[in-house]
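The values are calculated or read from the model by the stated rules, or taken from the named source; none is laboratory data. None of these values were measured; they are calculated from a predicted model. Glycine also receives a Cβ, built like all others from the backbone with ideal geometry; neighbour counts cover every protein chain displayed.
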Amino acid sequence: MRGVNRAEICDVNFVEFVKQWDSRRDERPTPNEPILEGSALDAQGFRELFESQLISRHLDLMARVLRVQNKVFYTIGSSGHEGNAMVARATRYTDPAFLHYRSGGFMAERFRKLPGIDGKKLDPIMDSALSFAASAEDPASGGRHKVWGSKPLWVLPQTSTIASHLPKALGTAIAIEAGRRIGHQLPIPDDSIAICSFGDASANHATAQTAFNAASWTAYQKLPAPVLYVCEDNGIGISVKTPGGWIGESFRNRPDLDYFYADGLDLAAGYGDVLRAVEHCRRTRRPTFLHLRTTRIMGHAGTDFEIEWRSLEELCAVEATDPLLRSAAIALESGLMSKLEVLALYEETRQKCFAAAEEADRRPRIETLEEVMRPLAPYTPGKVMAEATRNDYGATREQVFGGEEKLPENLPPRHLAIQINNALHDVMAKYPGSLLFGEDVAQKGGVYTVTKGLHKAFGNKRVFNTLLDETMILGMAQGFANMGMLPIPEIQYLAYLHNAIDQIRGEAASLQFFSNDQFRNAMVVRIAGLGYQRGFGGHFHNDNSVTALRDIPGIVVGCASRGDDAAMMLRTLTALAKVDGRVTVFLEPIALYMTKDLYEPGDGQWLTNYPPPDQALVLGEERVYRSEATDCVIFSYGNGMPMSLRAAREIEARHGWQVRVVDLRWLVPLNHAAIARHAGECERILVVDEGRFSAGIGEGVITAITEAGFGGKPIQRVVGADTYTPLAGAAFLVIPKDEDIAAAADALK
C-alpha cells in the first residue's frame, strides 16, 4: 500500500465526484444573490473563493509531482485548509498577516485585494511557483525559503514556525494602537487588525500560550489589542492527534479572548461566522480567537506516507471531508456552474500551476554565498555614522534635561549607570517614535535605576511596564518595529533571555533574511548581565552566556565597560536599527553600573564625562589603552576591562613589560582585523574572557589571531569555569580574577 499515491487519489476523487453529480438547479444565481439560501456569501464571492481554493490545491499537487524531478523544494501543502481563503476575503490587504504554512488559499484570495501595482498584475500562481522552485526571483524571499509572504499585501513571511509568530502578531496589534497614541504615522490604516493563523497542535506550545495569556492580560485591563488568532483545527499535528473537542473546550470560555467558531470546510456555511469574527475584532479592538474547522489530506508533507501509520479506512474517511468536494457541490447545487464548467476550471487551474512551475524552474537560483547573505546584515557605514551623530534636536534635549546648564555633557564625570540613563534620555528625545518597555522600567526606574526619570520625562505612552514575560516583551518589540517605531525593550537579566531567545534567533533576526530585506525588525534590546556581583544572586543574576547571542546570524552585540563608551555605543546601535534595520543588543555589565574607582578606593578613575550628542562609535571600533606598548597585549571586554588594567600594572611591575590593553567593546561581530593587528604588533597575548571555558568570546579572539598567522606567539586565555555561578564568595572561584590574569602572564615568559 505504500506505493499508493494519496495525492493522486484526492485528485481523482474530485474529478469523479463532479462527474457523478446528478442534479442541478435550473437558474444561476445572480452575482449578489446568496450562493445558497441563508448564506452570508454571495455567488460572486463564492466563485472567487472557489477559484482561490483550486489555485491552492493545484499548487500542492504540482509540488508533489515536480519534487521528484528536483524542480520543487517544498511540499508542506495546504490541502484541507483551503477554507482559510475566507479569512483573506473578510479582511483587508493592509491588515498585517502572520500565516500558518498551510495558507495557500488565504494567499490566493488576498491577491484579489490588490490585483496590480503600477500597472503590473500580481499573480499568486507565478509568485508561489517561484517560491516553490527556490528561484532568486521569488518576490517573497528571493529564493531563500518557501514562505507565504508579500510586501505589498502586508504578509510578513514566516518559515515553518511552531507558534513562534504569535507573540509578534499580538505585538503588532498593540503597536497599531500605540502608534495612534503617540502620534506616530502608521504605514497602514488606523483601524487595521493583525491576523495570525496556526494549527491546533501549535496551540499547545508554550510560545502560543504566552501570546494568548498576554492578549487576555491586555484586554483585561481594557487596553486595545486587535489581533485575530485563527486556529486552523485539522485534528492532527504530523502524526499526533488532537483530542476531539480540545480546542473548543480550551478556548471557548477563556477570559478576555473572544471565541468564534466557523466551518472552514463549507464556504456557504462558514463565511458568515468568519465575517462576524473579523468585524468583531475590528470594531471592539479586542483579541479574538477564530476556531476554524479544517482537515488535512495528502499528509503532512510529501515525505509523509500516512498509510504506514494510519488505517486505510481512516484515510478514506478523512479524504471524504475534502473541502473542495463540498465547494464543488455548492457550485453545482446552486446552479452557479455546470459539471463541465467545474471540471474545466479545475483543469485550467492545474495547467496554469504546472506552466508556472516549469517557467519558474527556468528562472535563476541563488548561486553564490554573497547572494545568500546579502539581506542578512546590511551595513551602510557612512549613513549610520551620519545618523548616530545627528544633533538637530537641541531644543528637545534642553527641555528633557531641564535647561542647557543641566545637559549631561556640562556635568562632572559620572559612572556607567548614569551615563546610560543620560544616553537613553537623549535617544528618546531624538526619536519621537521610540518606546522603552520591560519589567519594572517605568515608575521604579529599573532594578538598578538605569531607567530612572524616563517615565516622568516621556510619559506612560512611551515608557511602560510589561507583564513578566520575556517572550512577549520581544514579541511586542517586533510589533512596534513592524509599524515603523523604534522599540527599546529591556530584558532584566541575561539569564532571562534564554526563556525567550527564539524571538530574536528565529523571528526578529531572520525577518530581513527571509523577506529579502523587504521587512525589518529594527530594535535596540537592552540586556543587563555578566557576573561579578559580589556573590549576590547566583547563576540567574550572574550569567555570562554571551555565546547564545553570538550564534544568531545578523545581529549586533555591543558591550561597553565605561560610561562614555556606553553613550556613544548606544547612539551607534540606534542608528544601525534606524538606517539598516538591524536587530541590535546592548549588553550592560551590572557589576560596573555603579563602579567609580579603578586602582584604589576613591581614585574615581572609572568615572567618565558624557560625550556630546555628535559623537558615536564606529561599529567594531576598539578602545586601546597604551597603544605604544608592544611587550604584551590583553584583549578583554565588560567586567574584564578594569581587571585587565589593574593586572597590567602588576605585570609591568613583575616583568618590566609594557602592556597594551584592548577593550573589544563589540562582541558580535568581532573585529578580526583589529584583533589581528594588535596581536601582530605585540610579542605576547593574553585573552581575558569571563565567559565559560567551552563557550565565550575568547575562542573567537584566538581564532582571529591564528587565522591571521600569529598563532605561534606565546598566548594564554583567562576564562571562567564550565559551571553555573554559585552564591557568595564561591562565585569568585569560577570567574577570572585580577591575580589570574597576572598568573597567566607568568606563563608567557
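So which residues in the stretch 713-733 are assigned to a loop (DSSP other than H, G, I, E, B) and either at pLDDT 85 or above or in contact with a Lys or Arg (Cβ under 9 Å, 6 or more places away or on another chain) (or both), if there are any at all?
K713, P714, A721, D722, T723, Y724
Applying the criterion of being hydroxyl-bearing (S, T, Y) and at pLDDT below 95 to the residues of the stretch 303-333, the residue that is farthest from the chain's Cα centre (by Cα) is S311. Of the strands (runs of 3 or more DSSP E) that lie entirely inside the stretch 198-313, those containing 2 or more residues that are more than 24 Å from K168 (Cα to Cα) span 258-263.
In the stretch 456-485, of all residues being small (G, A, S) and either part of a helix (DSSP H, G or I) or modelled with pLDDT under 95 (or both), the one that is surrounded by the most Cβ atoms within 10 Å (Cβ to Cβ) corresponds to A477. Residues in the stretch 360-382 include at least one that is of a type outside the set (G, A, S), at pLDDT 95 or above and over 27 Å from P139 (Cα atoms).
Filtering the stretch 314-335 to residues that are outside any helix (DSSP H, G or I) and of a type in the set (V, I, T) leaves only T321. Taking the criterion of being more than 38 Å from the chain's Cα centre (by Cα), surrounded by 16 or more Cβ atoms within 10 Å (Cβ to Cβ) and part of a loop (DSSP other than H, G, I, E, B), the residues of the stretch 336-374 that qualify are L336, M337. The one condition from (1) part of a strand (DSSP E or B); (2) farther than 15 Å from D517 by Cα that T172 does not meet is (1). Checking each residue in the stretch 729-749 for being surrounded by fewer than 18 Cβ atoms within 10 Å (Cβ to Cβ) and among the hydrophobic types (A, V, I, L, M, F, W, C) picks out A730, F732, L733, A743, A747. Can you find a residue that is surrounded by fewer than 23 Cβ atoms within 10 Å (Cβ to Cβ), acidic (D, E) and modelled with pLDDT under 95 anywhere in the stretch 532-554? There is at least one residue in the stretch 532-554 that is surrounded by fewer than 23 Cβ atoms within 10 Å (Cβ to Cβ), acidic (D, E) and modelled with pLDDT under 95. Restricting the stretch 18-45 to residues that are touching a Gly at 6+ places or on another chain (Cβ under 8 Å) and farther than 15 Å from L275 by Cβ, the residue that is surrounded by the fewest Cβ atoms within 10 Å (Cβ to Cβ) is D26.
Taking the stretch 648-704 as the range and being buried (at least 19 other Cβ atoms within 10 Å of the Cβ), closer than 21 Å to Y532 by Cβ and more than 31 Å from the chain's Cα centre (by Cα) as the test, the residues that pass are A648, I651, V661, V662, L686, V687, V688. Given the structure, is G77 out of contact with any strand residue (DSSP E or B) (no Cβ under 9 Å at 6 or more places or on another chain), outside any helix (DSSP H, G or I) and either surrounded by 24 or more Cβ atoms within 10 Å (Cβ to Cβ) or without any contact (Cβ under 8 Å) to a residue 12 or more places away in the chain (or both)? Yes, satisfied. Checking the stretch 387-399 against the condition returns a match, with at least one residue being within 24 Å of I552 (Cβ to Cβ), crowded, with 19+ Cβ neighbours inside 10 Å and of a type in the set (G, A, S). Selection of strands (runs of 3 or more DSSP E) fully inside the stretch 579-668 by the criterion of at least 3 residues being modelled with pLDDT of 95 or more and closer than 27 Å to I552 by Cβ returns 583-589, 666-668.
Among the residues of the stretch 125-141, count how many are in a loop (DSSP other than H, G, I, E, B) and in contact with an Asp or Glu (Cβ under 8 Å, 6 or more places away or on another chain).
Our first condition is that a residue be in a loop (DSSP other than H, G, I, E, B); within the stretch 125-141, this holds for 133-134, 136-141.
Adding the requirement that they be in contact with an Asp or Glu (Cβ under 8 Å, 6 or more places away or on another chain) leaves 133, 136, 138-140.
Of the residues in the stretch 125-141, 5 are in a loop (DSSP other than H, G, I, E, B) and in contact with an Asp or Glu (Cβ under 8 Å, 6 or more places away or on another chain).
Just one of (1) free of Cβ contacts under 8 Å to residues at least 60 places away in the same chain; (2) under 26 Å from L156 (Cβ atoms) trips up K444, so point out which. The number of the failed condition is (2). Quick one: count up the residues across the stretch 1-53 that are polar (S, T, N, Q), farther than 24 Å from F111 by Cα and part of a helix (DSSP H, G or I). Within the stretch 1-53, residues that are polar (S, T, N, Q), farther than 24 Å from F111 by Cα and part of a helix (DSSP H, G or I) number 1. Selection over the stretch 200-220 of residues that are charged (D, E, K, R) and within 21 Å of the chain's Cα centre (by Cα) gives a count of 0.
For the residues L436, L424, the requirement of being buried (at least 17 other Cβ atoms within 10 Å of the Cβ), in the same structural domain as M523 (by TED's automatic domain parsing) and either touching an Asp or Glu at 6+ places or on another chain (Cβ under 9 Å) or not in a helix (DSSP H, G or I) (or both) singles out L436.
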